[in-house]
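*Asks:* One structure, pasted below without further comment.
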Amino acid sequence: MNEKRQHFIDTLSRFVPAHFAPYLADCILNANIQFKIVPGRKTKLGDFRTSPLQKKPVITVNGDLNQYSFLITSLHELAHLDTYRQYGWKVAAHGEEWKAAFRERLLPVLESEALPPELQKVLWKSWTRLKASSGTDLHLSRALKAYDAQSAHTLESLPMHAEFLLNQKRFKKGQLRRTRYLCTEIGSNKQYLVHALAAVTPIAHDTK
């Protein structure tokens, strides 16, 4: 068991801060699940799945996340596992039961004092009023993005009516609606809600 645990720690140390690798390894091993690190996905950071056909529940986490996003996402999905094992599918996916489970998973990280001070401050605030994901908590999402390897333009950083590229499509920025901007696809005039912190490519207009 010690050899298996050390293997998990060594692997996870490539994806999370070394200080937290033993904690996350223990969480995974004690959960008795399949934990898979997968290529980055645009639609989600991680997920939890189970079915009667699976021998063990499966948690997947995107391998291209920065070390703190990977850690938080892993604990987020483990909280889904905890909620499922206690309540089945009878409760809301991100209801009070999941929030309680996530707080329990996150607390040792917060109490460790091994986080960067600014991130720890934001996480404590998020811990008291949890939302469904870091994506719906703009303050937490901004704090986590600060540790991305490459900085990118975010939609919220562009001026109103600015044009930008996203997924090889051209859009114009519109009004903010909570955490997303109502944007218009140029050409089709179809409107889409785009997350405020989506990485986009601004389109510069020739002013000559």
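The values are calculated or read from the model by the stated rules, or taken from the named source; none is laboratory data. It should be emphasised that the depicted structure is a prediction, and the values quoted were computed from it without experimental measurement. Note that each Cβ is placed from the backbone with ideal geometry, even for glycine, and that neighbours are counted across all protein chains shown. The area values use the complete protein model at the heavy-atom level, side chains included, leaving out ligands, DNA and RNA. Shrake-Rupley method; radii C 1.70, N 1.55, O 1.52, S 1.80 Å.
*Asks:* Among the residues of segment 187-208, how many are open to solvent by 40 Å² or more (accessible area, probe 1.4 Å) and either of a type outside the set (V, I, T) or at pLDDT 95 or above (or both)?
*Replies:* Selection size over segment 187-208: 13.
*Asks:* Got at least one residue in segment 61-69 being open to solvent by 70 Å² or more (accessible area, probe 1.4 Å), modelled with pLDDT of 90 or more and within 26 Å of L193 (Cβ to Cβ)? Full working, then the answer.
*Replies:* Taking segment 61-69 and keeping what is open to solvent by 70 Å² or more (accessible area, probe 1.4 Å), we get 64, 67.
Subsequent filtering for residues that are modelled with pLDDT of 90 or more retains 64, 67.
Checking the rest, the ones that are also within 26 Å of L193 (Cβ to Cβ) come to 64.
Yes, that holds for at least one residue.
*Asks:* Now, a different point. Take V122 and decide whether it is β-branched (V, I, T), in a helix (DSSP H, G or I) and open to solvent by less than 60 Å² (accessible area, probe 1.4 Å). Can you show your working first?
*Replies:* Details: β-branched (V, I, T): yes; in a helix (DSSP H, G or I): yes; open to solvent by less than 60 Å² (accessible area, probe 1.4 Å): yes.
Yes; evaluated as a whole, the condition is true for this residue.
*Asks:* Something else about it: When segment 87-109 is examined, which residues are found to be outside any helix (DSSP H, G or I) and either at positive phi or crowded, with 18+ Cβ neighbours inside 10 Å (or both)? Walk me through how you get there before you give the answer.
*Replies:* First, pick out the residues of segment 87-109 that are outside any helix (DSSP H, G or I): 88-95.
Selection gives G88, H94.
*Asks:* Here's a follow-up. List pairs: first in segment 192-208 and assigned to a loop (DSSP other than H, G, I, E, B), second at pLDDT 80 or above and among the hydroxyl-bearing types (S, T, Y), Cβ under 6 Å, 6+ apart or cross-chain?
*Replies:* A196/T179; L197/S141; L197/T154
*Asks:* Out of segment 70-86, which residues are over 16 Å from L24 (Cα atoms), of a type outside the set (K, R) and open to solvent by 30 Å² or more (accessible area, probe 1.4 Å)? Please lay out each step first, then the result.
*Replies:* Filtering segment 70-86 down to residues over 16 Å from L24 (Cα atoms) leaves 83-86.
The next check asks that each one be of a type outside the set (K, R); those that pass are 83-84, 86.
Y84, Q86, listed by residue number.
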